[in-house]
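A short write-up of the structure that comes next.
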Ligand SMILES: Cc1ncc(COP(=O)(O)O)c(C=O)c1O
């Protein structure tokens, strides 16, 4: 029995995943397997650090201590072989807000921003919200695997000011290989396109795959790259709204910091600071155990579907606790499929089309939960299939 097997009751904790069900699915009776946080407890050392801090009864304005920067730099060096300057680190309240501020700081209205759908849905808003044009370089799905269309990438990167890379990729679960990153970065260097690399899933990677921070590839690349990361996915602390950008290029970093100051977004969340430092300083063993557990969850779902619901074929994730399910074998259009999952199977997953039209026929399943939750989910799915026949 793993400590992750113990169910955690999240009711009454204002969680989006549970308390947001009615708004999202129109009903509270779905098993929630959608928004990307886990139904698993954070490392004990994180809880301990928060409890100790909570016992100090003054929760005033907070500075980012040296320890915050040291913890990030050490984690990057230790886990991702990336030696970075601590001065390059800029604290931010979240990866998604930072994506927006990068777009406004580094591009002008009418400029083009490049993304690779199917991709994390907030990337699509970067165009519409700021009057920028969105260019799409759709990933190619062939024989159960996703890859980059490099010819199309070059054409689009020529026109784009900013390329927003999702590395590892949500929702398709790819860990971009060093050669793939080098090839994209070389094009961006040649075409004068800045790279914003969202690496928030970088720590949830299954061996033998290995995450390479794109900015760590060479000094030339780090000069045009902005990396966004956080311990939020890794240690399940997304509700603490604490993330960071790594920007080696001084002039780009200053432009970004100026944008943050314009909105007075420079103050930290004191619990977020505690949790980030504690998790990076003492959460590694927990993370190793988590990776083993998540991998078993992925195996369980894969085996169950192959045996009982072969119409649904999962794309094997190389990273993330999100499984991208090819449901085209169900023979339903996207609306019917959503209704089938919610109304018949009573399961709350993200629809594939919410990640762009390339996601049509797919669903995204969050396996960051106790195995028993997935057993229940699979039982419901199988039952719904049998009923549907
Ligand atoms: C690729 C990606 N980026 C960013 C986020 C969220 O980041 P934050 O909560 O720091 O805004 C998520 C959450 O699912 C994600 O999958």
Here the qualifying pairs (Cβ atoms under 6 Å; residues six or more apart or on different chains; first in the range 81-100 and assigned to a helix (DSSP H, G or I); second more than 15 Å from the ligand (Cβ to nearest atom)) come out as 86/69; 86/73; 88/247; 88/248
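Does residue 326 meet the test of being under 23 Å from the mean Cα position of the chain (by Cα), under 30 Å from residue 26 (Cβ atoms) and surrounded by fewer than 22 Cβ atoms within 10 Å (Cβ to Cβ)? Can you show your working first?
Details: under 23 Å from the mean Cα position of the chain (by Cα): yes; under 30 Å from residue 26 (Cβ atoms): yes; surrounded by fewer than 22 Cβ atoms within 10 Å (Cβ to Cβ): yes.
Taking the combined requirement at face value, the residue satisfies it.
Conditions (1) buried (at least 19 other Cβ atoms within 10 Å of the Cβ); (2) in contact with a strand residue (DSSP E or B) (Cβ under 8 Å, 6 or more places away or on another chain); (3) under 29 Å from residue 279 (Cβ atoms); (4) at pLDDT 95 or above, marked per residue:
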| position | (1), (2), (3), (4) |
| --- | --- |
| 188 | yes, yes, no, yes |
| 198 | yes, yes, yes, yes |
| 215 | yes, yes, yes, yes |
| 218 | no, no, no, yes |
| 227 | yes, yes, yes, yes |
Cβ-Cβ under 7 Å pairs, at least 6 apart or on other chains, the range 237-252 side assigned by TED's automatic domain parsing to the domain that holds residue 270 and closer than 15 Å to residue 219 by Cβ, far side more than 10 Å from the ligand (Cβ to nearest atom) and assigned to a strand (DSSP E or B)
246/89; 246/227; 247/90; 247/226; 252/226
Does at least one position in the range 14-35 carry a residue that is part of a loop (DSSP other than H, G, I, E, B), touching a helix residue (DSSP H, G or I) at 6+ places or on another chain (Cβ under 7 Å) and closer than 16 Å to residue 280 by Cβ?
no
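Test of understanding: among 54, 81, which residue is surrounded by 11 or more Cβ atoms within 10 Å (Cβ to Cβ), modelled with pLDDT of 95 or more and on the phi > 0 side of the Ramachandran plot? Write out each step before concluding.
Values: 54 fails: on the phi > 0 side of the Ramachandran plot.
Checking each option against the conditions leaves just 81.
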Being surrounded by fewer than 21 Cβ atoms within 10 Å (Cβ to Cβ) and either more than 12 Å from the ligand (Cβ to nearest atom) or at pLDDT below 95 (or both) is the filter here; which residues of the range 94-107 pass it?
104, 105, 106, 107
Would the range 376-387 turn up any residue that is within 22 Å of residue 307 (Cα to Cα), modelled with pLDDT under 95 and more than 22 Å from the chain's Cα centre (by Cα)?
yes
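Here's the yes/no breakdown for (1) more than 30 Å from residue 328 (Cα to Cα); (2) touching a helix residue (DSSP H, G or I) at 6+ places or on another chain (Cβ under 8 Å); (3) within 16 Å of the ligand (Cβ to nearest atom):
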position: 56; (1), (2), (3): yes, no, no
position: 71; (1), (2), (3): yes, yes, no
position: 77; (1), (2), (3): yes, no, no
position: 83; (1), (2), (3): yes, yes, no
position: 109; (1), (2), (3): yes, no, no
position: 112; (1), (2), (3): yes, yes, no
position: 124; (1), (2), (3): no, no, yes
position: 131; (1), (2), (3): yes, no, no
position: 136; (1), (2), (3): no, yes, no
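The values are calculated or read from the model by the stated rules, or taken from the named source; none is laboratory data. Keep in mind the model is a prediction, meaning the values are calculated, not measured. Methodologically, a virtual Cβ is constructed for each residue, glycine included, from the backbone with ideal geometry; neighbour enumeration extends over all protein chains shown.
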